[in-house]
Amino acid sequence: MSPEANTPMYSPLRHYSAYAKVNLGLRVLGRREDGYHELETIFQEISVRDVLTIAVQPEGITIGCSDPVIPVDEGNLAWRAADLLRRSAGIGLGCNIQIKKNIPTGAGLGGGSSDAAATLKALNREWGLHWPLERLLPLAAELGSDVPFFLRGGCALGRGRGEILQPLAIPQGWWGVLVYPNLTISTRWVYENANFDLTKSLKNSKFYSLTGFADKLSDWDIHLVNDLEPVVFNKYPYLKKLVDGFKRAGAFYARMSGSGSAIFGLFLDKSDALSALAKTESSYTTFLFHPVAGPAL
């Protein structure tokens, strides 16, 4: 029996969370033959989220979004995720997806990729497919380098383009302050203008083995780096000042996420995070967040 036979013509509206991520560290290890860069990064899912409201409809994919800047056609990664799953499953059902955007765009937080992953997971249920995660992962990788991580969630070491994942167990009892300085940064621009030391290799990468320091939060600032920070901070020095400000406020770790522009500081106590949040420039968009745990390892 086909999935359509088990699916009502119109399903009830259901809400799905699409969480943001921060890169606790990111190293660029070299350029690949396919034109991408070989990366090693530590993804951590955080509680800042978009909310997707999804309903099945007899045919067609329609999307609405609270942010008028976000495309609501095939230019939207959630639309492409729905279309790819529908074609891969060989079904004729459609869906309506309403996206309430909270994750800033162009900030290195993976909002579009997270929306795509949430769409795959949601429609896998709503269309009655019930495919295992392993069957969805190749579709996620086709959509984008970060999408496979968002299917799994939690914390993971990402290699390759970021799609080769190794779940990690790290301390989760901290709080974070996220600052979006109302600045969109092009990932392509960052990579084109960065001056990487491409003599690095997986052998000498600091992230490849985390067993010696993953549980020691005080060591993160020693071992974790973001190779994309220098080029971004050179053009936007006030972003570096945000990192320094978090450290002065007592953050045990502060970094730029991905290719920017979002900056985050991590604190052992919620009260310290709230205090740092209160001192942040009022014109910026800010969030208090905590880590989101993934499936048990």
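The values are calculated or read from the model by the stated rules, or taken from the named source; none is laboratory data. Nothing here was measured: the structure is a model prediction, and the numbers come from that model. For neighbour counting, all protein chains shown are included, and Cβ atoms are generated from backbone atoms with ideal geometry for every residue, glycine included. For the accessible areas, the whole protein counts, side chains as well, though only heavy atoms, and no ligand, DNA or RNA atoms are used. Shrake-Rupley method; radii C 1.70, N 1.55, O 1.52, S 1.80 Å.
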Failed item, numbered, when Arg255 is tested on (1) open to solvent by 50 Å² or more (accessible area, probe 1.4 Å); (2) part of a strand (DSSP E or B): (1)
Test for Val22: is it among the aliphatic types (A, V, I, L, M), at pLDDT 95 or above and open to solvent by 20 Å² or more (accessible area, probe 1.4 Å): no
Of the criteria (1) in a helix (DSSP H, G or I); (2) surrounded by 22 or more Cβ atoms within 10 Å (Cβ to Cβ); (3) among the hydrophobic types (A, V, I, L, M, F, W, C), which one Ala141 fails: (2)
Whichever residue in the range 86-101 is open to solvent by 20 Å² or more (accessible area, probe 1.4 Å) and without any contact (Cβ under 8 Å) to a residue 60 or more places away in the chain and, among such residues, is nearest to Leu139 (Cα to Cα): Ser88
Tally of residues being assigned to a helix (DSSP H, G or I) and open to solvent by less than 50 Å² (accessible area, probe 1.4 Å) across the range 144-174: 5
Residue count for the range 181-221, restricted to those that are under 17 Å from Ser257 (Cα atoms) and at pLDDT 80 or above: 14
Selected residue [free of Cβ contacts under 8 Å to residues at least 24 places away in the same chain, touching a strand residue (DSSP E or B) at 6+ places or on another chain (Cβ under 9 Å) and either open to solvent by less than 40 Å² (accessible area, probe 1.4 Å) or of a type in the set (Lys, Arg) (or both)] from Asp83, Asp73: Asp83
Breaking point among (1) open to solvent by less than 10 Å² (accessible area, probe 1.4 Å); (2) closer than 14 Å to Ile185 by Cβ, for Tyr236: (1)
Tabulated pairs, the range 105-134, first open to solvent by less than 30 Å² (accessible area, probe 1.4 Å) and modelled with pLDDT under 95, second among the basic types (Lys, Arg) and part of a helix (DSSP H, G or I), C-beta under 9 angstrom, 6+ apart or interchain: none
Filtered residues of the range 213-265 (kept if closer than 22 Å to Gly110 by Cα and of a type in the set (A, V, I, L, M)): Leu224, Val225, Leu228, Val231, Val232, Leu239, Leu242, Val243, Ala254, Met256, Ala262, Ile263
